[in-house]
1. Provide the per-residue ³J(HN,Hα) series for the range 46-51, in order, calculated from phi with Karplus coefficients 6.51, -1.76, 1.60 and θ = phi - 60°, each as a whole number of Hz, with x at glycine and proline positions.
2. Taking the Cα-to-Cβ direction at W19 and at I5 and moving 7 Å from each Cα, how far apart do the two end points lie in nm?
3. Probe of 1.4 angstrom, ligands and nucleic acids ignored: what's the accessible area per residue over the range 1-40, in square angstrom?
Amino acid sequence: MDPEIIEVNCPTCGKTVVWGEKSPFRPFCSKRCQLIDLGEWADEEKRIPSKGDVNDLDDWSEEEI
C-alpha cells in the first residue's frame with residue numbers, strides 16, 4: 001500500500017511542495033521563502049489578531065520582581 005502523497009502550496013511564493021522528509025523547509029519550498037516569512041513576522045507585517053491593544057506584559061517591570 002502506497003502512502004498518500006500530500007502537496008501544499010508554499011505560503012510565500014505559492015510553489016507546490018510535497019509534505020514529507022524530502023522537503024525539509026515544509027510548508028515552505030526553500031530556506032529563502034522560510035526566511036522571508038520569518039522577516040514578515042519580525043517586522044509585524046503579519047500578526048495574529050487580538051481583542052485589544054493591551055498585552056499582559058505591558059504592566060510588567062523588573063522593579064516588581
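The values are calculated or read from the model by the stated rules, or taken from the named source; none is laboratory data. As the structure is a prediction and not an experimental result, all values here were calculated from the model. Every residue, glycine as well, gets a Cβ built from its backbone with ideal geometry; the counts of neighbours run over all protein chains shown. Ligands, DNA and RNA are excluded from the accessible area calculation, which covers all protein heavy atoms including side chains. Shrake-Rupley method; radii C 1.70, N 1.55, O 1.52, S 1.80 Å.
1. Result, ordered by residue: 10, 9, 8, x, 10, 7 Hz.
2. Here the answer is 1.6 nm between the modelled labels.
3. Values: 3250 Å² over 40 residues.
Result: 81 Å² of accessible area for each residue.
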